[in-house]
1. Placing one identical point scatterer on every Cα of region A:20-90 and ignoring solvent, what is log10 I(q)/I(0) from the Debye formula at q = 0.18 Å⁻¹?
2. Can you divide the C-alpha Rg of region B:4-90 by 2.2 N^0.38 Å and report the result to two decimal places?
3. In region B:4-90, how many lysine pairs have Cα atoms under 22 Å apart, counting only pairs 8 or more places apart or on different chains?
4. Carbon and sulfur together cover what percent of the accessible area of region B:4-90 at a 1.4 Å probe radius?
5. Quote the total accessible area buried by chains A and B together, excluding ligands, DNA and RNA, probe 1.4 Å, nearest 100 Å².
6. Could you tell me the distance between the Cα centroids of region B:37-95 and region A:26-67, to the nearest Å?
7. Which residues of region B:4-39 show a drop of at least 10 Å² in accessible area when all protein chains are present, compared with their chain alone (probe radius 1.4 Å, heavy atoms only, ligands and nucleic acids excluded)?
8. For residue B:56, what charge total do you get from the other residues with a beta carbon under 10 Å from its beta carbon, if Lys and Arg give +1 and Asp and Glu give -1?
Amino acid sequence: MIKKKKKASKVKAKAKAGPKEKTAILRLDVAFYPQAALKQAKEAFAHLASIEIRRQGRQRVIKFGGMSAAAARKLPDEFANYALSCAVVEA
Amino acid sequence: MNPTIQAAKNMVSIQVDEKVFPRDVVVAAAYIFIDRCYIRLERALRGRVLARIKGKKKLSRNQLVNLADEFENELLHQLIRRQVAERTDGLREVIVGRALFSAEPESGAEAAQAEPQEDMDYLDDPLGIAIPWEEKYGDDKKEEEGQ
């Protein structure tokens, strides 16, 4: 009985979060990914997720939220590639 | 530069010595692979750069090894490009400078010819280009037909 209740609460929590509530964190080295490049990438991907960027030591931590499941699989990697290309073009 | 193959992650990691391949060379080499791989670059210990290359499509172990080899070749290619660019920097400046200098309009007769005549109007038609063919040659043709 308790197990069933636990299961039910888990399902409810999942339903509350919704299918679009995927999050991901990406860490990029500041030496290779300058702020301007990340800003450009953030603007380019803004329609796919909510993106937060903050600096943590020698890394920039990029937090993605509100992504669809399909986007969550590729978005951080695509973001990193885009930022790298921006860095190369800007350099 | 021993590549580490992680077949389960569809990824290969390569550590590059910055003393041999400067940072901009590594970035330029990584950029070449951006269309078929996901690339992450980061600083590693002892002046090295760690390049993580992940296939966009699922790759076999052999393909990952080939990918690592291609990346190493590309590093060399970019290094040579850089060296050649450094060596021919002065020459390029001379060529561009000369090209720009020769593109300037010369003073004197040529310059005067190139300038548009100020008393000309856009409605003027000294060569009679705007006159219809009938007006220009119509009478001749009629005369020819009459003969």
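The values are calculated or read from the model by the stated rules, or taken from the named source; none is laboratory data. Since this is a predicted model, take the numbers as computed values, not measurements. In this analysis, Cβ positions are derived from the backbone assuming ideal geometry, glycine residues included, and neighbour counts consider all displayed protein chains. Just the protein is used for accessible areas: all its heavy atoms, side chains included, with ligands, DNA and RNA removed. Shrake-Rupley method; radii C 1.70, N 1.55, O 1.52, S 1.80 Å.
1. Results for region A:20-90 at q = 0.18 Å⁻¹ read -0.60.
2. Taking the Cα Rg and dividing by 2.2 N^0.38 Å, one obtains 1.13.
3. Values: B:9/B:54; B:9/B:56; B:9/B:57; B:9/B:58.
Total qualifying Lys-Lys pairs in region B:4-90 comes to 4.
4. Numbers: 2510 of 4970 Å².
Roughly 50 percent of what the probe reaches on region B:4-90 is carbon or sulfur.
5. Numbers: alone 6970 and 11910 Å², together 17340 Å².
Between A and B, the summed buried area is about 1500 Å².
6. For region B:37-95 versus region A:26-67, the Cα centre distance is 23 Å.
7. With the partner chains in place, region B:4-39 has these residues losing at least 10 Å²: B:23, B:27, B:31, B:34, B:38, B:39.
8. Working: positive: A:74, B:36, B:54, B:57, B:58; negative: A:77, A:78, B:35.
It works out to a net charge of +2.
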